[in-house]
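To keep things clear, I will list the structure first and then write my remarks on it.
None of the figures in this text is laboratory data; all of them are computed from the coordinates on show. Everything numeric in this text was worked out from a predicted model, so none of it was measured. Glycine gets a Cβ as well: all are built from the backbone with ideal geometry, and neighbour counts include every protein chain shown.
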Amino acid sequence: MFKIAYSPNLRGEVAISGSKNAGLPIVAANYLIDQKIQLLNKPDISDIHAMEQLAQTALKNSQHFFDLTGELATKFRASILLIPVGLKKFGEVRFVGSGGCKIGKRPLDTFEDALYKAGVDIEQGLYKTFKVARKPKKNIMLQEFSVTATEALITYLAFLEDIDYDITIYQVATEPHVKNLIDFLNAAGAKISMGIDHTITVRPSKISIQQEQFQIISDYIEAGTYFAIGAGADNSELIIRNVNVDDLSAMYNVADKIGINFKILDKQTIKVDSYNKQNYKATKLEVRIFPGFPSDLQSIFGALATQFDGITKIFETLYEGRFGYLNELENLGAKIEILNPHQALVIGKTQLRGGYVSSTDLRGGGAMVLAGIMAQGETSILNEEIIARGYTDIVNKLKTIGVHIEAINVK
């Protein structure tokens, strides 16, 4: 359990850690090349630890097929990113099914359709079986803008043998972590390029290590979370370092409409304060694929919206189950109306008061941390281990800037 007391007057600097969303596919892909590249800025979070444990166990124990049938594979959704590794090394993968945050239906249809078009047959039995069956199509259209499908497909195609033609993938995701994965694969000898029209071209090649080390990008979602904390905590001012400021352009646009004071100091540094908090205005939060406003910041800014004057309309276009945190905010006194699985209203402004809340998912947990900082009294956050899946050393980082937070062991 996290216990957070009302925390005004925050000051100091926050160094943003490596990106969870970049680290997971890159850590997985590094096993494809037998970990020949040293990864720098790798996030120290539980999902990364789980990925490494699952990969090492599967590589050690697998014989005739790559075995992803253990319980650990069900604990985090990114376990599916090891399927391309198993296909390359064993030609067959048996997979039990992935877990992760409960933010709505996230079927594997697009993921499986992409691999099928790449020449992989998929059978459903006690476990799902993936088998290399034929050469990939020259043109592959994804069913939707799926980050996971994009990452898995390019990882699988990058080092296929006996393929002497280019493969073009259409309707790909273009998030910064996808680009970071492409850079990593190219550092291992791949020939992958991203077009400006949501296409990626892959020319399968042999593994040829081009550099001994590779830098995982900083986590722009973590940066956006601390940005919201600096804007939401009373009488506060924070410096956020080690962030690629260009990744957050959509957030700046929303922040301007709200009236948040912030300044981009350089390409890696943002300054934000809450001195204009009494004048924050409600606005529309509409989630879009990159470079639009990210779904992973929707809940963070949804919590912040309790401090806006007026009605904030949230339009979550990607997931139909991401409003669970709004029910938790009501426990702290927030005024919420959920219109349907994709639209909700936050009616401000509201004086939040401490109480018991739960982390409904990773980013919902981040929203509860922000709410606890802003709420009068003490807030207790249950299921805090979910937050550790994506925020490196969050308790110590928050304490450093003045947040009154304690991690309590509850048996």
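Numbers for the structure displayed
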{"item": "Cα-based reach from K88 at 22 Å (exclusive), listing lysines while leaving out same-chain residues under 8 positions away", "result": "K36, K60, K117, K128, K131, K135, K137, K138, K179, K191, K206"}
{"item": "Cβ-derived FRET efficiency at R0 41 Å, N61 paired with N327, nearest 0.05", "result": "0.50"}
{"item": "Kirkwood Rh, Cα atoms: Rg over Rh of the range 231-294", "result": "0.97"}
{"item": "By average C-beta atoms within 10 angstrom, highest first, the peptides 38-47, 160-169", "result": "38-47, 160-169"}
{"item": "Relative contact order (%) - the chain, alpha-carbon pairs under 8 angstrom, separation at least six", "result": "21"}
{"item": "Per-selection metrics, the chain (Cα): Rg and Dmax in Å", "result": "21.6, 65"}
{"item": "Share of alpha-carbon pairs per 10 Å distance bin for the range 268-411, given as whole %", "result": "11, 42, 37, 10, 0"}
{"item": "Summed side-chain charge close to G402 - residues other than G402 whose Cβ falls under 12 Å, Lys, Arg +1, Asp, Glu -1", "result": "0"}
{"item": "Per-selection Rg to Rh, the range 1-88 - Cα, Kirkwood hydrodynamic radius", "result": "1.13"}
{"item": "Peptide ranges 386-395, 359-368, 51-60, 192-201 listed from the most packed, as the mean C-beta count within 10 angstrom indicates", "result": "359-368, 386-395, 51-60, 192-201"}
{"item": "Two-decimal Rg to Rh for the range 20-215 - Kirkwood Rh, Cα set", "result": "0.92"}
{"item": "Two-site FRET efficiency, E337 against R288, from Cβ-Cβ distance with R₀ of 25 Å, rounded to 0.05", "result": "0.65"}
{"item": "Dimensionless Rg ratio for the range 118-216, taking C-alpha atoms and the 2.2 N^0.38 Å reference", "result": "1.10"}
{"item": "For M374, net neighbour charge (Lys/Arg +1, Asp/Glu -1) across residues whose Cβ lies under 13 Å away", "result": "+1"}
